[in-house]
């Protein structure tokens, strides 16, 4: 059975998506990395789902749901860089804001829903969302006050959702705004 994860897209990433006119488009790729400058999608395998989240004014939004296709460098990625000055993924220049230039970036090809910023996660659902680690321990979000997220620190990273939480986020995406 596939797993589901969350990844937090920063204000800078979301601003770059808007400025590049990517709202309404489906990203074909995201980027994983070994350095703290990028989320490490190390636990994700083909078929897994990843919910890209964004926090704006203490409200959480689902920006895109991405199903992992593969983590291989393909022809669409362009030529591998010959020097450190060459772009890492010239074939994905239009989506480079998702981390193509990050330290140790690795392409993760995805089948995604369109990028949007109008699908909120309700405050009630925020209190029920849970993640589990590899040892099976679960945790919820911290810093929720009156249905709003006061601090995003517990969302920063790449975390595996519990099956119940994944189902609830899938319903949020299906229902739309």
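Can we say residue 91 is at positive phi and either buried (at least 20 other Cβ atoms within 10 Å of the Cβ) or not in a strand (DSSP E or B) (or both)?
no
Here is a check on your reading of the model: is residue 67 in a helix (DSSP H, G or I) and surrounded by fewer than 18 Cβ atoms within 10 Å (Cβ to Cβ)?
Taking the combined requirement at face value, the residue does not satisfy it.
Which condition number in (1) closer than 22 Å to residue 4 by Cα; (2) crowded, with 19+ Cβ neighbours inside 10 Å; (3) modelled with pLDDT under 90 is the one that residue 100 fails?
Of the numbered conditions (1) closer than 22 Å to residue 4 by Cα; (2) crowded, with 19+ Cβ neighbours inside 10 Å; (3) modelled with pLDDT under 90, the odd one out for residue 100 is (1).
Can you say whether residue 40 is at pLDDT below 95, surrounded by fewer than 11 Cβ atoms within 10 Å (Cβ to Cβ) and part of a loop (DSSP other than H, G, I, E, B), as far as the supplied structure shows?
no
Considering every residue within segment 64-74, establish whether at least one is touching a residue at least 60 places away in the same chain (Cβ under 8 Å) and over 28 Å from residue 162 (Cα atoms).
Within segment 64-74 (the criterion being touching a residue at least 60 places away in the same chain (Cβ under 8 Å) and over 28 Å from residue 162 (Cα atoms)), the answer is no, since none of the residues qualifies.
Count, please, the residues in segment 43-63 that happen to be part of a loop (DSSP other than H, G, I, E, B) and either in contact (Cβ under 8 Å) with a residue 12 or more places away in the chain or crowded, with 16+ Cβ neighbours inside 10 Å (or both).
7
Condition first: within 24 Å of residue 151 (Cβ to Cβ) and assigned to a strand (DSSP E or B). Can you find one or more residues in segment 103-121 that meet it?
Yes - at least one qualifying residue is present in segment 103-121.
Collect the residues in segment 43-68 that are out of contact with any strand residue (DSSP E or B) (no Cβ under 7 Å at 6 or more places or on another chain) and at pLDDT below 90, keeping them in residue-number order.
Selection gives nothing.
Quick test for you: out of 149, 129, 161, pick the one residue that is surrounded by 20 or more Cβ atoms within 10 Å (Cβ to Cβ), touching a helix residue (DSSP H, G or I) at 6+ places or on another chain (Cβ under 6 Å), farther than 20 Å from residue 27 by Cα and modelled with pLDDT of 90 or more.
On the way: 149 fails: touching a helix residue (DSSP H, G or I) at 6+ places or on another chain (Cβ under 6 Å); 161 fails: touching a helix residue (DSSP H, G or I) at 6+ places or on another chain (Cβ under 6 Å).
After ruling out the rest, the residue left standing is 129.
Within segment 133-146, restricting attention to residues that are in a loop (DSSP other than H, G, I, E, B) and out of contact with any helix residue (DSSP H, G or I) (no Cβ under 9 Å at 6 or more places or on another chain), which residue is nearest to residue 6 (Cα to Cα)?
Among them, the one singled out is 133.
The values are calculated or read from the model by the stated rules, or taken from the named source; none is laboratory data. None of the values given here were measured: they were computed from a predicted structure. Note that we place each Cβ from the backbone using ideal geometry, even for glycine, and neighbour counts take in every protein chain shown.
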